[in-house]
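> Take this structure, written in structure tokens, and hold onto it; I'll ask about it next.
Computed from the coordinates by the stated procedures, all read-outs in this text should not be read as laboratory data. On a predicted model such as this, the values are computed, not experimentally measured, just so you know. No Cβ is skipped: glycine too gets one built from the backbone with ideal geometry, and neighbour counts run over all protein chains shown.
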Amino acid sequence: MKIYMSGQLVDEAEAKVSVFDHGLLYGDGVFEGIRAYHGKVFLLKEHVARLYDSAKAIALDIPMSQQEMADAVRATCAANDLNDGYIRLVVTRGVGTLGLNPYLCKKPEVIIIAAGIQLYPKELYETGMNVVTVGTVRNHPEAVNPRIKSLNYLNNVMAKIEAINAGVLECIMLNPQGQVAEASGDNVFVIKDGVLKTPPVWCGALDGITRRAVMDIAESLGYVVKEEVLQRYDLFTADEMFLTGTAAEVIACTNVDRRNIGEGVPGKITVSLQNAFKEYVKEHGTPIADS
Ligand code: PXG
């Protein structure tokens, strides 16, 4: 596999970071997860823009333009003959001292990995998945704002541990006020009386790119979509519930905290959105190959 690192494509065995990189020492950096479908990078511009916003929020200057970054993503996919897969973009603060001071780091490190994708088990897309709400609350917005896709994902990892220990694969995280924020690596939607509802990002959610795509799709199918504060009550009383994310795409949640959502099977609207999403990805990508 070829990895993009320090401005070049190198063999996987040579793609190594220093033990003095602040990405490793402090989780000081940002990342993106992007999908390629049918030889096109899905919503590439949007992912690159979010990466630069995450970087800006932590005062990290990425040493290349957004266009150069997008071209580097395409070049990494091309070098690995990737048509369908998962791309991980990582920008670390770079090599510094053992102290915290980020201003002593010489140059941010940009890494692009174009690889396969690990999905939830296929049958969960048919049956829906069970989730639990967890005790680990989402980061306070004035701590590490959840809108930053930072390399410091311990908050999410701690939540994921709780989910797995409870015998499920994903969880719902609440914010410090006890409102629904998102899943550990996905956004959350409920449907009540035909209306789609998802928490506004200020409730502690990443401004998910799949989330926005699904809001778009739902509106084009004629559904009303609202960004609304949600409480656990809204999950328990929902007719349908689903998660969205680059890795997960659109997946139904049929049980929360051992309570069935609706009939305990994926709802009709969720299934229609899953199908529409498959079509949407065909039309919203940047071709990997130069035309
Ligand atoms: N919330 C969080 C906290 C995320 O990390 C999403 C929502 C969905 O956003 P997009 O833009 O992808 O629709 C993410 C996405 C994983 C995994 O293994 C998921 C993500 C990052 C890394 C790994 O499920 N993020």
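> Using the per-residue mean of other Cβ atoms lying within 10 Å as a proxy for protection, in what order, highest first, do the peptides 29-39, 95-105 fall?
Taking the mean over residues of other Cβ atoms within 10 Å, the ranking is 29-39, 95-105.
> Run the paramagnetic zone check for residue 195: 7 angstrom along Cα to Cβ, then residues of the range 254-289 with backbone nitrogen under 12 Å.
Output list for this probe position: empty.
> Label-point separation (nm) for residue 290 and residue 119, each offset 7 Å from Cα along Cα-to-Cβ?
With each label point 7 Å from Cα toward Cβ, the separation is 3.4 nm.
> Any idea what the alpha-carbon Rg over 2.2 N^0.38 Å comes to for the range 2-115?
Scaled against compact globular proteins, the figure is 1.04.
> Which whole-percent values make up P(r) of the range 124-282 when all C-alpha to C-alpha distances are grouped in 10 Å steps starting at zero?
Using 10 Å bins, I get a P(r) of 12, 45, 36, 8 for the range 124-282.
> In whole Å, what is the distance between the alpha-carbon centres of the range 250-269 and the range 31-84?
Answer, in whole Å: 33.
> Now, a different point. Please order 168, 19, 41 by the number of other Cβ within 10 Å, starting at the fewest.
By the 10 Å Cβ count, ascending, the order reads 19, 168, 41.
> In degrees between 0 and 90, to the nearest 10, how far off the longest principal axis of the chain does helix 209-220 point, with axes built from Cα atoms?
Relative to the chain, helix 209-220 is tipped by roughly 40 degrees.
> By counting other Cβ atoms within 10 Å of each Cβ, how are 192, 45 ranked from fewest to most?
Ranking 192, 45 by Cβ neighbours within 10 Å, fewest first, gives 45, 192.
> Based on alpha-carbon positions alone, could you give the equivalent ellipsoid semi-axes of the chain from the gyration tensor, as √(5λ), descending, whole Å?
The three semi-axes for the chain are 33, 23, 16 Å.
> Now for a separate question. Over the chain, what is the mean sequence separation of C-alpha contacts under 8 Å (at least six apart), divided by residue count, expressed as relative contact order in percent?
About 20 percent, as a whole number.
> Multiply the residue separation of residue 219 and residue 26 by 0.36 nm, subtract the distance between their alpha-carbon atoms, and state the gained length in nm to one decimal.
65.4 nm
> Report the FRET efficiency, 1/(1 + (r/R0)^6), for residue 282 and residue 106, where r is their Cβ-Cβ distance and R0 is 41 Å, rounded to 0.05.
Step by step, r from the Cβ atoms, then E = 0.45.
> Continuing with this model, one more query. Quick one: of 226/278; 45/268; 2/160; 149/197; 2/149; 107/282, which pairs are farther than 28 Å apart, Cα to Cα?
45/268; 2/160; 107/282
> To continue, here is another question. Taking the 0 to 90 degree range and rounding to the nearest ten, how far is the long axis of helix 66-79 tilted relative to the main principal axis of the chain, both from C-alpha atoms?
Helix 66-79 sits roughly 90 degrees off the main axis of the chain.
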